[in-house]
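K.L.:
First the structure, then my questions, so here it is.
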Amino acid sequence: MITSTRQQLAGLFRTFLEYESVVDQSTSLAAYECDGLSAYRQTPLMVVLPKTIEEVQKIVIICADRNIPIVSRGAGTSLSGGALPHAEGIVLSLSKMNRILNIDDNAQSITVEPGIRNLAVSEAVKHLGLYYAPDPSSQIACSIGGNVAENAGGVHCLKYGLTLHNVLSVTIVTASGELLVLDQQSLQSQGYDLLALVIGSEGMLGIVVEVILKLLPIPQCARVILAVFDDVEKAGNSVASIISGGIIPAGIEMMDNPAIRAAESFVNAGYPIDSAAILICELDGTEAEVESQISKVDRILKDSGAIDTRLAKDDAERHLFWSGRKAAFPAVGRLSPDYYCIDGTIPRKALGAVLTEINRLSEEYELRIANVFHAGDGNLHPLILYDANDEGAFAKTEALGSRILQLCIHHGGTITGEHGVGVEKLGEMCVQFSDIERHQFHAIRSAFDPTNIMNPGKAIPTLARCAEFNAMHVHNGELPHPELDRF
Amino acid sequence: MAIQIQEVSIPQVNLEEDLQSQIEAVSANGTPVKITGGNTKSFYGHVVNALEINVSGHSGIIDYDPAELVITLRAGCKLKDVELLLAEKGQMLGFEPPCFGEEATIGGIVASGLTGPRRAFSGAIRDFILGVKLLNGRGEIVNFGGRVIKNVAGFDVSRLMVGALGTLGILLEVSIRVIPKFEAETTLSFEHADAQTHIDWINQKRRFPYPISASVWYQGRTKIRLSGSQQGLYSACEDLGGDNKIDNDDTWSKLKEQTHPFFGPVKSLARVSVPSVEVNFLPAEPQLIEWGGAQRWIETPQENLGQLRQQVESHRGTVCAYQGYDGHAEIFHRPTDGILALHRNLKSSFDPAGIFNPGRMYAGL
Ligand SMILES: Cc1cc2nc3c(=O)[nH]c(=O)nc-3n(C[C@H](O)[C@H](O)[C@H](O)COP(=O)(O)OP(=O)(O)OC[C@H]3O[C@@H](n4cnc5c(N)ncnc54)[C@H](O)[C@@H]3O)c2cc1C
């Protein structure tokens, strides 16, 4: 059945796509089996790689006629299984649509196809003194289309915003093959803000085929302070003091002791391996502004109990301070055969309590955890170390991850700050949202895609799925955390 | 940290159950309702003739910890009180919303989506809203988004509420990111004989990281406001020059509240929104230009609205028949059919019986 559908479909697609733009051989399909969350794998019916918007529209119309699911795929770096294929569906890869269509120096904007890599955008406009601000750690690989679908953030998003804040226009192909332009270049949206709704919608409301991004002038000057703490909570509180002191750093990142040790042995950034936590705080702007802020921040850090602060003396040292943080994931990866990255957000004030509880859970589950933290915006990335070869290790790791996410909800936070729900956090969506709220999400998706062909099964759990999840997590007839205020 | 409300006293009154039972009653028989807050922005959108449900009594701070830079409040809170409360803690709303009257409420601000002079430089309400508690058309209370800055769980319903003019539900509570107040502010003025010179100039200046927080061009003069640290402002002023430096210029509050003489009551004013750099659309009619060129107020008689809309559309913009037109003028720019169809689908997903503010935004919605 699958084989005949596959052959027939491939034939249809090849009437307008080049032969090699339709991938239907199982050996080649293996490359698309998973995204960055490799524990989940599925071979798709086939993969298509269109080069133009018209081709995307034709593909969608063919699939819509036959009710064939479509999973859009950018670079496949999603950490939540958002780009996981559907067994009876196609993967629509945007990787061949990766051109820059227009650079408008005057308007400080760039029009791109969705498959372009995030970093390639900044590289293309560097000679104009401009850059694209959202900088996910995966920026050398991830695509702008994927960034839009996940509303990706980066270390600089505290000051410069998430993808949402830096996108002026998105063109989508809907589930019926229609092309819609959601444009806010004029800064005034009239009618519903569909642009905001589509950003972060995990490929379920349409296929992003063109994007206009806002570019910013490269700051004149950037300086970094590294602060050392003997206590994690003090480090967390210092972040609150800096921000409530009226300073919005360009980036402010925190690492706990296990993360510091891992990073230091990997890149030798000069991190103090005995400290409980370090903060890396970057300030940028005009020379005059940065000068005045540096001294304030240094004072606040010391007043908050930093045992040492170091100001990077030049750009080389600034990059060195950052290098450990940027390499944190691979560094932790060296400590253990596998690691699992969690992505919860909490109000900053809950940091101490949450970290204490994470450490307790780490002991309970007998799994090591290293924490890196986008401290400015409360986005926590605990990295759970495990060995996939051990029987049941991944299941145990996932269970621990789920406990951490529910802990985030409990403290007034959320189960995902930037990686998306995908397939990974469907269960926790049942905790964060009520039946009625989830029903509303389904209704929104139906408003765009009544036959449910765009990335079905992701991001919003079905009632049945939640019944199952809750049955597994109900203790003594009570829902986990019934006291939660789910705002 | 506990909520400390000192001089500003914001009434704590929870009318949630009351509002819910009112909606349950009307949704059962499909009675249309008109949602109001402080009634200061009723001009913005078509007249709704329906049973009035007033939310302004539903008031109070749910959570405000200045160190988190987030405030959660009931929708009936008065904007002026909230601004005072934030100011006490050295903070403010980043989008400079217009009050248009003492009674303006937070719910009304979010629903109308109107932003002030700071828009082009630090963002609109959609850039700051984090979460909403909503009463939908079935009388159900639902929460979306949250109280944290980064949150991608579920579709972004909170931002969808901004500018929806109450057509999707009654806002009960909103969480908003706030920003620290600037250390200093000043205004510089420049002579720019025509609109094009202004637009070219301001967009060229935006290529540099000057702390510009507002701009306006009117009658041959450009004014810009700078906001930031003392030192930052000092060096920016040195660099930018200008023929006049004015501290505490009230131009900005007059533009925000539209008490500036240009907004005289008898005028028919169209709000033209185009990409800021657009210089191929510069009509001869009297105009005032804000937002680095993106917001242009143009005196336009009613009979010319249709033509203006066609022209502006070809420049990737929209026209709002903002002030001084009669009930026959369509206020908001009609989107394409495909987008309008999505509006209808979304509307019925929140409000299946179509009871909330029918026709306020577009006829039939
Ligand atoms: C080492 C590492 C570090 C990371 N760091 C960060 C970080 O700092 N911040 C952050 O936010 N994320 C981070 N991520 C996660 C990931 O890189 C982002 O989610 C990224 O935005 C995904 O882009 P992608 O092109 O790889 O998308 P994919 O993985 O291909 O797809 C992700 C989702 O987007 C959808 N999609 C992709 N393209 C389109 C399109 N054109 N139209 C519609 N839907 C589409 C897919 O269906 C899927 O649901 C990291 C990942 C890794 C592996």
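The values are calculated or read from the model by the stated rules, or taken from the named source; none is laboratory data. Since we're looking at a predicted model, the values are computed, not measured. Methodologically, a virtual Cβ is constructed for each residue, glycine included, from the backbone with ideal geometry; neighbour enumeration extends over all protein chains shown. For accessibility, only protein heavy atoms count, side chains too; no ligands or nucleic acids. Shrake-Rupley method; radii C 1.70, N 1.55, O 1.52, S 1.80 Å.
K.L.:
Once the dipole of segment A:1-62 is set up with Lys and Arg at +1 and Asp and Glu at -1 on Cβ about the Cα centre, which of A:Gly36, A:Gln8, A:Val48 lies farthest towards its positive end?
P.N.:
It is A:Gln8.
K.L.:
Output the direction-averaged projected area (hull surface divided by four) of the convex hull of the alpha-carbon atoms of segment B:5-180, in nm². If you can, show how the numbers build up before the last one.
P.N.:
Values: hull surface 39.4 nm².
With every direction weighted equally, the projected area is 9.9 nm².
K.L.:
Further question on the same structure: Calculate the dipole size of segment A:336-484 relative to its Cα centre from +1 charges on Lys and Arg beta carbons and -1 charges on Asp and Glu beta carbons; express the result in debye to the nearest 20.
P.N.:
Working: 11 positive and 20 negative charges, 83 e Å.
Taking the Cα centre of segment A:336-484 as origin, the dipole is about 400 debye.
K.L.:
Relative to the present Cα-Cα distance, how much length would full extension add between A:Ala471 and A:Asn452 at 0.36 nm per residue of separation? Please report the intermediate quantities before stating the final value.
P.N.:
Values: separation 19, 0.36 × 19 = 6.84 nm, distance 2.65 nm.
Result: 4.2 nm gained on full extension.
K.L.:
May I pose another question? What do you get for the angle between helix A:257-267 and the principal long axis of chain A? Use alpha-carbon atoms, 0 to 90 degrees, nearest ten.
P.N.:
Helix A:257-267 and the main axis of chain A meet at about 80 degrees.
K.L.:
May I ask you to derive the relative contact order of segment B:262-353, considering only C-alpha pairs under 8 Å and at least 6 residues apart, and to give it as an integer percent? Walk me through the numbers on the way to the answer.
P.N.:
Numbers: 122 pairs, mean separation 28.1, N = 92.
Normalised by residue count, the contact order of segment B:262-353 is 31 percent.
K.L.:
Starting at the first residue of segment A:196-213, write each ³J(HN,Hα) from the Karplus equation 6.51 cos²θ - 1.76 cosθ + 1.60 with θ = phi - 60°, in whole Hz, x for Gly and Pro.
P.N.:
The phi angles translate into 5, 5, 6, 5, x, 8, 6, x, 9, 10, x, 9, 6, 10, 7, 9, 10, 10 Hz.
K.L.:
Going by alpha carbons, how many degrees (0 to 90, nearest 10) lie between the helix axis of A:287-303 and the longest principal axis of chain A?
P.N.:
With rounding to tens, the tilt is 70 degrees.
K.L.:
Compute the relative contact order of chain B as a whole-number percentage, counting only Cα pairs closer than 8 Å that sit 6 or more residues apart in sequence. List each step's numbers first, then the result.
P.N.:
On the way: 750 pairs, mean separation 66.9, N = 365.
After rounding, I find 18 percent.
K.L.:
Here is a further query. Charges at C-beta only: +1 for Lys and Arg, -1 for Asp and Glu. How large is the resulting dipole of segment A:100-217 about its Cα centre, in Debye rounded to 20?
P.N.:
Rounded to the nearest 20 debye, it is 300 debye.
K.L.:
What percent does the relative contact order of chain A come to when contacts are Cα pairs within less than 8 Å and at least six residues apart?
P.N.:
On the way: 1000 pairs, mean separation 66.9, N = 487.
Relative contact order here is 14 percent.
K.L.:
Using a Förster distance of 51 Å, how high is the FRET efficiency between A:Glu366 and B:Thr31, based on the Cβ-Cβ distance and rounded to 0.05?
P.N.:
On the way: r = 60 Å, r/R0 = 1.18.
E between A:Glu366 and B:Thr31, to the nearest 0.05, is 0.25.
K.L.:
Let me ask you something else. If you roll a 1.4 Å probe over the heavy atoms of the protein chains, what accessible area per residue do you get for segment A:299-346, in Å²? Walk me through the numbers before you get to the answer.
P.N.:
Working: 2260 Å² over 48 residues.
Accessible area per residue, segment A:299-346: 47 Å².
K.L.:
Quick one: which residues, 5 or more positions from A:Val372 or on another chain, have an amide H under 5 Å from its amide H? H modelled 1.01 Å from N in the peptide plane, none for Pro or chain starts.
P.N.:
Placed amide hydrogens put A:His381, A:Leu383 under 5 Å from A:Val372.
K.L.:
Starting from the eigenvalues of the Cα gyration tensor, five times each then square-rooted, give me the equivalent ellipsoid semi-axes of segment A:100-217, largest first, whole Å. Each step should come with its number before you reach the end.
P.N.:
On the way: eigenvalues 90, 48, 38 Å².
So the equivalent ellipsoid measures 21, 15, 14 Å along its semi-axes.
K.L.:
Also, I was wondering about something else. With helices defined as uninterrupted DSSP H runs, which ones in chain B have an alpha carbon span along their own long axis of at least 18 Å and mean Kyte-Doolittle hydropathy of at least -0.5? Provide the component values of the computation, followed by the final result.
P.N.:
Numbers: long enough: B:16-29 (20 Å, -0.71); B:337-350 (20 Å, -0.01).
Sorted by number, the helices that extend far enough and score high enough are B:337-350.
K.L.:
Okay, next question. Need one value for A:195-203: mean number of C-beta atoms belonging to other chains within 10 Å of its residues' C-beta atoms. Walk me through the intermediate numbers first.
P.N.:
On the way: counts 3, 13, 7, 2, 4, 7, 4, 3, 0.
Going residue by residue through A:195-203 and averaging, the value is 5.
K.L.:
Filter the chymotrypsin sites (Phe, Trp or Tyr not before Pro) in segment B:28-107 to those in DSSP coil with at most 15 other Cβ atoms within 10 Å of their Cβ, and list the result. Walk me through the numbers before you get to the answer.
P.N.:
Working: sites: B:Phe43, B:Tyr44, B:Tyr64, B:Phe95, B:Phe100; in loops: B:Phe43, B:Tyr44, B:Phe95, B:Phe100.
Filter output for segment B:28-107: B:Phe43.
K.L.:
Quick one: work out Rg over Rh on the C-alpha atoms of the protein assembly as shown, Rh as Kirkwood radius. Spell out each step's value before the answer.
P.N.:
Numbers: Rg = 26.3 Å, Rh = 27.8 Å.
That ratio is 0.95, to two decimals.
K.L.:
Please work out the C-alpha center-to-center distance from segment A:326-365 to segment A:384-445 and express it in whole Å.
P.N.:
A separation of 15 Å, based on Cα centres.
K.L.:
A follow-up question, please. Along segment A:306-317, what does the Karplus equation 6.51 cos²θ - 1.76 cosθ + 1.60 (θ = phi - 60°) give for ³J(HN,Hα), rounded to whole Hz, x for Gly and Pro?
P.N.:
5, 7, 7, 10, 10, 9, 4, 6, 8, 4, 4, 6
K.L.:
What residues qualify as long-range amide H neighbours of A:Leu215, i.e. H under 5 Å apart, gap of 5 or more or another chain, H built at 1.01 Å from N?
P.N.:
Distant-sequence amide H within range of A:Leu215: A:Ser109, A:Ile110.
K.L.:
Here is a further query. Just going by the charge dipole of segment B:5-180, with Lys and Arg at +1 and Asp and Glu at -1 on Cβ, which of B:Leu84, B:Ala124, B:Phe144 is farthest out on the positive end?
P.N.:
Of the candidates, B:Ala124 comes out farthest on the positive side.
K.L.:
So how strong a dipole does segment B:149-265 carry about its Cα centre when Lys and Arg Cβ are +1 and Asp and Glu Cβ are -1, to the nearest 20 debye? It would help to have the intermediate numbers written out before the result.
P.N.:
Details: 13 positive and 14 negative charges, 78 e Å.
Approximately 380 debye in magnitude.
K.L.:
In degrees between 0 and 90, to the nearest 10, how far off the longest principal axis of chain A does helix A:2-14 point, with axes built from Cα atoms?
P.N.:
90
K.L.:
Calculate the length of the line joining the C-alpha centroid of segment A:58-72 to that of segment B:61-85, in whole Å.
P.N.:
Computed from Cα coordinates, the inter-centre distance equals 47 Å.
K.L.:
Once a ≥ b ≥ c are taken as the square roots of the eigenvalues of the Cα gyration tensor of segment B:182-250, is the result rounded (a/c under 1.5), prolate (a/b larger than b/c) or oblate (a/b not larger than b/c)?
P.N.:
Values: a/c = 2.05, a/b = 1.50, b/c = 1.37.
Cα axes put segment B:182-250 in the prolate bin.
K.L.:
Right, here's the next one. Rounded to the nearest 0.05, what FRET efficiency do A:Ala87 and B:Gln311 give with R0 = 51 Å and r taken as the Cβ-Cβ distance? Could you check? Before the final figure, lay out each step's value.
P.N.:
Values: r = 51 Å, r/R0 = 1.01.
Calculated transfer efficiency: 0.50.
K.L.:
Residues in segment A:75-116 near a label at A:Ser38, defined as backbone nitrogen under 18 Å from the 7 Å Cα→Cβ point?
P.N.:
Hits in segment A:75-116 for A:Ser38 at 18 Å: A:75-85.
K.L.:
Just checking the output field for A:323-333: average partner chain Cβ neighbours within 10 Å of each residue's Cβ?
P.N.:
Numbers: counts 0, 0, 0, 0, 0, 0, 0, 0, 0, 0, 0.
Counting Cβ atoms of other protein chains within 10 Å of each residue's Cβ and averaging gives 0.
K.L.:
Mind putting together the pair-distance distribution for segment A:1-158? All Cα pairs, 5 Å bins, whole percent per bin, short to long.
P.N.:
2, 9, 17, 19, 18, 13, 10, 7, 4, 1, 0, 0
K.L.:
Report, for the protein assembly as shown, the % of DSSP beta bridges that are antiparallel, rounded to 5. Intermediate results must be reported in sequence, preceding the final value.
P.N.:
Details: 117 of 130 bridges.
Beta bridges within the protein assembly as shown, antiparallel portion: roughly 90 percent.
K.L.:
Moving on to the next point. Between B:Ile339 and B:Lys245, how high is the FRET efficiency from 1/(1 + (r/R0)^6) when r is the Cβ-Cβ distance and R₀ = 45 Å? Nearest 0.05. Don't jump to the answer; show the numbers that get you there.
P.N.:
Numbers: r = 45 Å, r/R0 = 1.00.
E between B:Ile339 and B:Lys245, to the nearest 0.05, is 0.50.
K.L.:
Pop a pseudo-label 7 angstrom from the Cα along the beta-carbon direction at both B:Ser348 and A:Ser241 and give the gap in nm to one decimal.
P.N.:
Here the modelled spin labels are 5.8 nm apart.
K.L.:
Of A:Lys302/B:Lys181; B:Lys133/B:Lys347; B:Lys80/B:Lys181; B:Lys78/B:Lys256, which sit over 19 Å apart, Cα to Cα?
P.N.:
Working: A:Lys302/B:Lys181 23 Å; B:Lys133/B:Lys347 17 Å; B:Lys80/B:Lys181 16 Å; B:Lys78/B:Lys256 17 Å.
Flagged as over cut-off: A:Lys302/B:Lys181.
K.L.:
Over all Cα pairs of chain A, how is the pair count split among 20 Å bins, expressed in % and running from 0 up to the last occupied bin?
P.N.:
For chain A, the pair-distance distribution reads 23, 55, 22, 1.
K.L.:
Hey, another quick one. Can you give me the Cα centroid spacing of segment A:236-292 and segment B:273-329 in angstrom?
P.N.:
Between the Cα centre of segment A:236-292 and that of segment B:273-329, the gap is 47 Å.
K.L.:
So how far apart, in nm, are the two label points at A:Ser434 and B:Val266 if each is 7 Å from Cα heading toward Cβ?
P.N.:
5.4
K.L.:
Once you treat every alpha carbon in segment A:99-148 as an equal point and sum by Debye, what is log10 I(q)/I(0) at q = 0.25, 0.27, 0.30, 0.32 Å⁻¹?
P.N.:
Results for segment A:99-148 at q = 0.25, 0.27, 0.30, 0.32 Å⁻¹ read -0.95, -1.08, -1.26, -1.36.
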